[in-house]
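The values are calculated or read from the model by the stated rules, or taken from the named source; none is laboratory data. Remember, predicted model here, so these are calculated numbers, not experimental data. As a convention, Cβ positions derive from the backbone with ideal geometry for all residues, glycine included, and neighbour counts pool all protein chains shown. Side chains are part of the model used for accessible areas, which takes the heavy atoms of the whole protein and leaves out ligands, DNA and RNA. Shrake-Rupley method; radii C 1.70, N 1.55, O 1.52, S 1.80 Å.
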Amino acid sequence: MDGQLDRRAELSEFLRTRRARLKPEDVGLESYGRQRRVPGLRREELAQLAGVSVAYYTRLEQGNGQNVSAEVLDAIARALRLTDAEQAHLTHLAKPKQQRRRAGAPRGKQPVRVALLQLLESIDTVPAYVTGRRSEILAWNRMAAALFGDWGKLPAAERNWARLVFLNPDYRELFVDWDQKAYDMVSFLRMDAGRHPDDPRLSALVGELSVKSEEFRRLWATHDVKEKSYGVKRMRHPLVGDLTLSFETFRLVDDDEQAFITYHAEPGSPSADALRLLASWGTDAAASLSA
């Protein structure tokens, strides 16, 4: 893959895939014609819902979004029933003039503030780590190493959640619902790609994973996007067995491309006991995962 993603192609494919998932009856339109040659809504149906001309919408779906207004994007997002994350992604891809605030290539290094590193070290009962752009793992505490493996033994380039999920077989075993984890990772990367299509390292990562993983290639083609937030993960650790953990994501105020993520167990649950056991084993637990 070249040094950057094609913003126009990304915009075109995103709109087409969002339109294809809707049926006329989903949006209160009568379905005309016995056979429809395209899945989902036709362009003219979408344009009608959004209150724009067919020619205008067609230009946008062909990737010509440079001069589109925020109001038109909002109308199209409503017509397509986009989620908040999808609407943000559409705005990033279309990039109306009033949205253009940052130019130039994205930063390479993503330093973590010293105070945040100290906070990580002080949390000794909860797995916690910091991620940055491209799903890179920037910092972590001892409990995160006990749960996920000793990332410190990996080369810096391999401390990346997408690479671990798709290329490291240990993580297929660790995550009980690996398919969902894989889907989430690709959706996060899609959001990142919308924000930074000119990031050569992100483009290289997508290219590598597309070549090495059929699952990644299939999921990338869906153009689905989502933001990292909160939820529950089920894991099967080689030392302590099954765990059900809730995770929370906190975006940093001074750098929204970095996120502080924690995992915790319900008090008094078997998973809480398992985390305490991992804490007592420390580095021995971290060594149990070859990652």
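So here's what we get for this one:
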item: Meets criteria (out of contact with any Cys (no Cβ under 8 Å at 6 or more places or on another chain), farther than 21 Å from Met235 by Cβ, acidic (Asp, Glu) and surrounded by 14 or more Cβ atoms within 10 Å (Cβ to Cβ)) for Asp184; result: no
item: Yes/no for Ser271 being open to solvent by less than 50 Å² (accessible area, probe 1.4 Å), under 17 Å from Ala128 (Cβ atoms) and of a type outside the set (Val, Ile, Thr); result: yes
item: Hits in the range 246-270 (condition: touching a residue at least 40 places away in the same chain (Cβ under 8 Å) and either in a strand (DSSP E or B) or β-branched (Val, Ile, Thr) (or both)); result: Ala259, Phe260, Ile261, Thr262, Tyr263, His264
item: Every residue from the range 206-242 that is without any contact (Cβ under 8 Å) to a residue 12 or more places away in the chain and either closer than 27 Å to Gln87 by Cβ or outside any helix (DSSP H, G or I) (or both); result: Arg217, Arg218, Ala221
item: Residue count, the range 51-69 (criterion: within 14 Å of Ala79 (Cβ to Cβ) and open to solvent by 60 Å² or more (accessible area, probe 1.4 Å)); result: 4
item: Test: Ala193 is assigned to a strand (DSSP E or B), among the small types (Gly, Ala, Ser) and crowded, with 21+ Cβ neighbours inside 10 Å; result: no
item: Every residue from the range 157-167 that is open to solvent by less than 30 Å² (accessible area, probe 1.4 Å) and either modelled with pLDDT under 95 or assigned to a helix (DSSP H, G or I) (or both); result: Trp161, Ala162, Leu164, Val165, Phe166
item: Qualifying residue in the range 198-216 (condition: over 27 Å from Val176 (Cβ atoms), within 14 Å of the chain's Cα centre (by Cα) and not hydroxyl-bearing (Ser, Thr, Tyr)); result: yes
item: Flag if Asp179 is part of a loop (DSSP other than H, G, I, E, B) and within 16 Å of the chain's Cα centre (by Cα); result: no
item: Pairs where the first residue, in the range 151-163, is within 20 Å of Arg217 (Cα to Cα) and assigned by the TED database to the domain that holds Glu215 and the second is open to solvent by less than 30 Å² (accessible area, probe 1.4 Å) and of a type in the set (Phe, Trp, Tyr), C-beta under 8 Å, 6+ apart; result: Ala162/Phe216
item: So Val130, is it surrounded by fewer than 23 Cβ atoms within 10 Å (Cβ to Cβ), touching a helix residue (DSSP H, G or I) at 6+ places or on another chain (Cβ under 8 Å) and either in the same structural domain as Glu248 (by the TED database) or in a helix (DSSP H, G or I) (or both); result: no
